[in-house]
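The block underneath contains the structure these notes are about, expressed in structure tokens.
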Amino acid sequence: MPKFMLNLLLLGTISVLVSCSNGGGGDDSSATPTASETANCLEVRAYGDALTLSGNASYQYRPTATTTTNQGTIYALSGNPVTAAIPYAEIEVLNGNGDQIQCGNTDVNGNFSLQVSKNSGTVRVRVLSRAFNSQIKLSILEETNLNQPYIVEVGANAGSSDVGDLNMLARARISESAKIEGGAFHILASIYKANQYIRTQTNDAGFVAEKVTVYWKAGFNPYAYFGYPNNLLSFYKPGERKLFILGGKDGNVNQADTDHFDTSVVLHEYGHFLEDVYGKTDSPGGYHNGDAVIDPRLAWSEGFANFFQAAAQGTNSYLDTAGFCNDSQESGSCSQNVYFRLSEDGTSTLYDRSTLAGEGGFRELSITRTLFKIVQNASSSYPYGAGIPFKEIWNVFTDSVNGFHSSGKVFRSMHLLTSRLDQIVSSTYNSNAGHWQAVLDNEKQSKTFAEYNNTFSEVALNSCNTREFTPVADKTTCYGSTCPIYKMSNQLRSNDFYRLEVTQQDIDANATIQIAYFQCAPYPTGPANPTGPDDTGCAVSTNVDLDLYLYKQGYAYFEEYKEKESGSQSTDIVKKSARTYASLESGNESFGLGQLTPGTYLLDVKANTYGKVAAAVGETARYRVQKISGSTQRDLCPQN
């Protein structure tokens, strides 16, 4: 791909994807409803002396195509609107008094056939931007306070004979309809497509996802509901089953960033809904630009959503656009915010390329590509594919015993999926094991929890091999003249994360967790398993300063610059030990477990890299994690 696309990816996602799964912040009082959504029209009435009203409901959308702009050759919303069927949407018939006299749904092709009593007089047949049936359950609503669906209608005279050709069309041009109802019905059709994909791939004809509510309005940025009118954003609110889709800004849809016709964005956010309801999410939300090592829980959540949108569409790409162009009747300008292909070779891609073993689990787009390659036809070379059907990913996703939906799973990440899929491949797809491994190797994905959420076993003191730790400098991220907007510790290279089970016995005894560490050059320059800094080959020129943090579940990783530069504190850190040694960095960090609540925590062994250039973060330290309870001291030995 052209190099400028990488710049668009990095810059565009600052505004497009920041907190896309968070949706939080600011004052949400304007999002408080003042009216409830009206009940779905579900009752199909029977009439003895009836006639049939039949017709078709369709919508227009703006298609994507390649076009040439000052960005070069790009993908954008380009050309005249295209017409498509409105599938399985709610239909109602109102009489002259506005009373509801019949209910129904369109079929997959947008057709409908409804019976009403003869001589009903003037009636209105209306298709609504919502559905609650065996195919799809959702409502696309215009305002959070009014909760009203979009409506397209046609009038008819119900006399003594059947009435046909009652056709309705939701428009995509603002000059033809100020509300651009086609946007609402495109969202509906996209989410229907996602449900149909799951039904087909899982061989479950009865599946229909639980209801989701979508808020969208032409020319409006939904982040304004939460106090951020200038941050153009589509997002999902976990726990509320609500999607907010970007409709533009200040009434502008001709040049502004909009998402109602960007199927990738709509289904990305719907993927977050599926994760929330069917898989459970541990994502803390937050910053992600598609080209950085980030929190693996966030990387998993965004990576899955990126993958799902492509899978449901049957494409190998993600596209987010702004404005439109080349319409013969309306003027506009178009641009490409984000575009990337999921099939790219992980070793040569410009996008989120992993270089170290296990790094892929910390990179959003690497996870996206890995999931895409898993379901492709088996191939151990480019284009890679493991030949494992989507249903196996979905099964791990929804598994309430050993998968993501299990209440016993915490700190969910890509590592959970690969570890479970590896077992499934061994038992069911053994002939594909080589292809599976090739996909993982291509994206530097791990099949274990060695890099994140690793578990411990208690063993005799000093019997566990020391862990090697070679940190890197923080990554400073800027956006235009704003610099920095983030200073990010490398969560793979500068941190080791362990799952720590704290019992009531530990609390009562005020047991101590400590790291005992010393400086030692990495193997093979230094020894494979040194016992102390005086071992042959251990000498280093720059010391590593290791610290110890204990996070509660649901934590947001805390960057040290926030404390040092703005005085911020994290309520998610329940214990820490972060001493600074004056000279030789060989010693220990420790804290007691007293006053905690029994449960599962995340122990972070972290290198102090704040304010240090690459040459100053240190070379390599070796450490052991130990537990002291009363007079007993033992090693906590990592299982992976």
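The values are calculated or read from the model by the stated rules, or taken from the named source; none is laboratory data. Note that this is a predicted model, so its numbers are computed, not measured. Don't worry about glycine lacking a Cβ; one is built from the backbone with ideal geometry, like all the others, and counts go over all protein chains shown. Only protein heavy atoms, including side chains, enter the accessible area calculation; ligands, DNA and RNA are left aside. Shrake-Rupley method; radii C 1.70, N 1.55, O 1.52, S 1.80 Å.
Of the residues making up the stretch 448-468, those that are in a loop (DSSP other than H, G, I, E, B), over 33 Å from the mean Cα position of the chain (by Cα) and surrounded by fewer than 19 Cβ atoms within 10 Å (Cβ to Cβ) are Leu461, Asn462, Ser463, Asn465. Only residues that are part of a loop (DSSP other than H, G, I, E, B) and closer than 22 Å to Asn70 by Cα were counted across the stretch 310-328, and they come to 4.
The residue pairs whose first member lies in the stretch 55-82 and is within 30 Å of Asp165 (Cα to Cα), whose second member is among the acidic types (Asp, Glu) and part of a strand (DSSP E or B), and whose beta carbons are closer than 8 Å, counting only pairs six or more residues apart or on different chains, are Gly55/Asp165. Among the residues of the stretch 237-252, those that are in contact with a strand residue (DSSP E or B) (Cβ under 8 Å, 6 or more places away or on another chain) and within 28 Å of Thr83 (Cβ to Cβ) comprise Leu243, Phe244, Ile245, Leu246, Gly247, Gly248, Lys249.
Scanning the stretch 422-434 for residues that are outside any loop (DSSP other than H, G, I, E, B) and over 29 Å from Tyr601 (Cα atoms) gives Val425, Ser426, Ser427, Thr428, Asn430, Ser431, Asn432, Ala433, Gly434. Residue under question is Ser406, and the condition is that it be farther than 16 Å from Asp295 by Cα and either of a type in the set (Phe, Trp, Tyr) or outside any helix (DSSP H, G or I) (or both); does it hold? Yes. Of the residues Ser419, Ser400, the single one that is part of a loop (DSSP other than H, G, I, E, B), under 23 Å from the mean Cα position of the chain (by Cα) and without any contact (Cβ under 8 Å) to a residue 40 or more places away in the chain is Ser400. For the stretch 35-139, the strands (runs of 3 or more DSSP E) that sit wholly inside it and include 2 or more residues that are more than 28 Å from the chain's Cα centre (by Cα) and crowded, with 19+ Cβ neighbours inside 10 Å are 50-61, 90-94, 100-105, 111-117, 121-128. Put simply, of Gln437, Gln445 the only residue that is of a type in the set (S, T, N, Q), out of contact with any helix residue (DSSP H, G or I) (no Cβ under 6 Å at 6 or more places or on another chain), closer than 28 Å to Arg369 by Cβ and outside any strand (DSSP E or B) is Gln437. Applying the condition of being of a type in the set (A, V, I, L, M, F, W, C) and in contact with a helix residue (DSSP H, G or I) (Cβ under 8 Å, 6 or more places away or on another chain) to the stretch 280-297 and asking which residue is farthest from Ala473 (Cα to Cα) yields Ile294. Per this entry, Thr349 is not counted among residues that are open to solvent by less than 20 Å² (accessible area, probe 1.4 Å), of a type in the set (Ser, Thr, Tyr) and closer than 20 Å to Gly248 by Cβ. For the stretch 167-191, which positions are touching a strand residue (DSSP E or B) at 6+ places or on another chain (Cβ under 8 Å), over 9 Å from Tyr59 (Cα atoms) and open to solvent by 10 Å² or more (accessible area, probe 1.4 Å)? Selection gives Asn167, Arg173, Ser177, Ala189. Only one of the numbered conditions (1) surrounded by fewer than 17 Cβ atoms within 10 Å (Cβ to Cβ); (2) polar (S, T, N, Q); (3) in a loop (DSSP other than H, G, I, E, B) is violated by Thr200, and that is (3).
Residue pairs whose Cβ atoms lie under 7 Å apart, separated by 6 or more positions or on different chains, with the first residue in the stretch 320-348 and touching a residue at least 60 places away in the same chain (Cβ under 8 Å) and more than 24 Å from Val266 (Cα to Cα) and the second of a type in the set (Phe, Trp, Tyr) and part of a loop (DSSP other than H, G, I, E, B), are Asp345/Tyr382. Of the numbered criteria (1) out of contact with any Phe, Trp or Tyr (no Cβ under 6 Å at 6 or more places or on another chain); (2) part of a helix (DSSP H, G or I); (3) in contact (Cβ under 8 Å) with a residue 12 or more places away in the chain; (4) open to solvent by 40 Å² or more (accessible area, probe 1.4 Å), the one Asn145 fails is (2). Meeting the requirement of 1 or more residues that are free of Cβ contacts under 8 Å to residues at least 40 places away in the same chain, the strands (runs of 3 or more DSSP E) wholly within the stretch 475-563 are 475-479, 482-488.
None of Ala256, Ala310 is closer than 22 Å to Tyr61 by Cα and either in contact with a Ser or Thr (Cβ under 7 Å, 6 or more places away or on another chain) or without any contact (Cβ under 8 Å) to a residue 60 or more places away in the chain (or both) except Ala310. Taking the stretch 225-236 as the range and being in contact with a strand residue (DSSP E or B) (Cβ under 9 Å, 6 or more places away or on another chain) and surrounded by fewer than 22 Cβ atoms within 10 Å (Cβ to Cβ) as the test, the residues that pass are Pro229, Asn230.
Taking Gln336 as the residue in question, decide whether it is assigned to a loop (DSSP other than H, G, I, E, B) and not aromatic (Phe, Trp, Tyr). In short, no.
Scanning the stretch 554-586 for residues that are aromatic (Phe, Trp, Tyr) and at pLDDT 90 or above yields Tyr555, Tyr557, Phe558. When restricted to residues that are crowded, with 23+ Cβ neighbours inside 10 Å and over 15 Å from the mean Cα position of the chain (by Cα), the stretch 352-381 contains 5.
Of all residue pairs spaced 6 or more apart or on separate chains, those with beta-carbon atoms under 7 Å, a first member in the stretch 166-184 that is touching a residue at least 24 places away in the same chain (Cβ under 8 Å) and under 13 Å from Val154 (Cβ atoms) and a second member that is of a type in the set (D, E, K, R) and outside any loop (DSSP other than H, G, I, E, B) are Met168/Glu153; Ala170/Glu181. In this structure, does Ile393 turn out to be in contact with a helix residue (DSSP H, G or I) (Cβ under 7 Å, 6 or more places away or on another chain), open to solvent by 10 Å² or more (accessible area, probe 1.4 Å), part of a helix (DSSP H, G or I) and β-branched (Val, Ile, Thr)? No; evaluated as a whole, the condition is false for this residue.
If you go through the stretch 263-292 and keep only what is of a type in the set (S, T, N, Q), within 11 Å of the chain's Cα centre (by Cα) and either at pLDDT below 90 or buried (at least 24 other Cβ atoms within 10 Å of the Cβ) (or both), you end up with just Ser283. State whether one or more residues within the stretch 251-258 are open to solvent by less than 10 Å² (accessible area, probe 1.4 Å), of a type in the set (Ser, Thr, Tyr), assigned to a helix (DSSP H, G or I) and within 25 Å of Ala224 (Cβ to Cβ). Scanning the stretch 251-258 turns up no residue that is open to solvent by less than 10 Å² (accessible area, probe 1.4 Å), of a type in the set (Ser, Thr, Tyr), assigned to a helix (DSSP H, G or I) and within 25 Å of Ala224 (Cβ to Cβ).
Residues in the stretch 556-563 include at least one that is open to solvent by 20 Å² or more (accessible area, probe 1.4 Å), touching a Ser or Thr at 6+ places or on another chain (Cβ under 7 Å), under 30 Å from Gly239 (Cβ atoms) and among the basic types (Lys, Arg). Would you say Ser586 is open to solvent by 20 Å² or more (accessible area, probe 1.4 Å) and touching a residue at least 60 places away in the same chain (Cβ under 8 Å)? The answer is yes for Ser586.
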